[in-house]
Amino acid sequence: MLRHSIDTLQSRPQLYRAKLGVYLLIVSLAVFFLASLVAYAVIRTALSIEMKPLVVPISFIVSTAFLIANSVVLHFAVLAVRGERQDQFHKLLYASFALSVVFLALQCIGMGQLIETHFSVQKGFGKLYGISFTLAFVHAAHVLGGVVFLIYVAAQMKKNRYDHERHWTVDICATYWHFLDVVWIVMLATFWFTESALAA
């Protein structure tokens, strides 16, 4: 244990740099998604006469519950590894992976519905569904990146690389998924509030 403590202390500057890099990535992604959602709202408002209301696929609503559950599970996984409850940590990480896969599957169904509507309705009316599909696709691509991150964390977990002192990768993974959670909820809220404002 003393050897682990010394190794952790010596590597701390590298850990801080790695955390800073990930946090900068999250900030840049947040700016990108925020700008994209503002652009969506502007386009939707400007072309309100040419577009039918956006109907958000039911699978998008259902998938939100799985994304929130995944975020909660990862939070408890971080607490478990910090408390050296390794068995609980392992179970929670596997549960997180399963929830993320279900979320992705539901997203694929929803995006399929959006793209089908995009090509089936009249040209002017289809624009809105194409834009919505693009936003959902970009988010799903980042979710896929989060799944790859989870696989990496699970592989390191199998090698017993995490304990109460060395768990920063798990922390960062959880933070990234919390970020994806917030982005998705804000995205759905933007869709809903924009349609509500135009209907008023």
Exercise. Filtering region 165-182 down to residues that are closer than 27 Å to Leu128 by Cα and in contact with a Leu (Cβ under 8 Å, 6 or more places away or on another chain), which residue is surrounded by the most Cβ atoms within 10 Å (Cβ to Cβ)?
Worked result: Leu180
For this session: Please enumerate the residues belonging to region 135-153 that are of a type in the set (Val, Ile, Thr) and more than 15 Å from Phe179 (Cα to Cα).
Result: Val148, Ile151, Val153
For this session: Among the residues of region 64-80, count how many are of a type in the set (Val, Ile, Thr) and in contact (Cβ under 8 Å) with a residue 60 or more places away in the chain.
Result: 3
For this session: Under 6 Å between Cβ atoms, at least 6 apart or on separate chains: pull out the pairs that start in region 171-200 with a residue that is aromatic (Phe, Trp, Tyr) and end on any residue that is in a loop (DSSP other than H, G, I, E, B).
Result: Phe191/Leu54; Phe191/Val56
Problem set entry | Unique residue being exposed (fewer than 14 other Cβ atoms within 10 Å of the Cβ) and modelled with pLDDT of 90 or more when the list is Val72, Val31 | Val31
Exercise. Hey, among Leu114, Leu106, which residue is under 21 Å from Ala141 (Cα atoms), within 14 Å of the chain's Cα centre (by Cα) and either crowded, with 18+ Cβ neighbours inside 10 Å or of a type outside the set (S, T, N, Q) (or both)?
Worked result: Leu106
Exercise. Do we find that Ala141 is hydrophobic (A, V, I, L, M, F, W, C), under 19 Å from Phe66 (Cβ atoms) and assigned to a helix (DSSP H, G or I) in this structure?
Worked result: yes
Seminar exercise, completed: Going through region 165-189 in order, the residues found to be more than 16 Å from the chain's Cα centre (by Cα) and assigned to a helix (DSSP H, G or I) are Trp168, Thr169
Problem set entry | Leu37 vs. criteria out of contact with any His (no Cβ under 9 Å at 6 or more places or on another chain), crowded, with 16+ Cβ neighbours inside 10 Å and at pLDDT below 95 | yes
Exercise. Just wondering, is there one or more residues in region 51-65 that are more than 17 Å from Phe191 (Cβ to Cβ), part of a helix (DSSP H, G or I), at pLDDT 80 or above and of a type outside the set (Gly, Ala, Ser)?
Worked result: no
Seminar exercise, completed: Over region 147-164, the set of residues surrounded by 15 or more Cβ atoms within 10 Å (Cβ to Cβ) and either of a type outside the set (Gly, Ala, Ser) or part of a loop (DSSP other than H, G, I, E, B) (or both) is Val147, Phe149, Leu150, Val153, Met157, Tyr162, Asp163
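The values are calculated or read from the model by the stated rules, or taken from the named source; none is laboratory data. Predicted, not measured: the structure shown is a model, and the values here were computed from it. Heads up, the Cβs are rebuilt from the backbone with ideal geometry, glycines too, and the neighbour counts pull from every protein chain shown.
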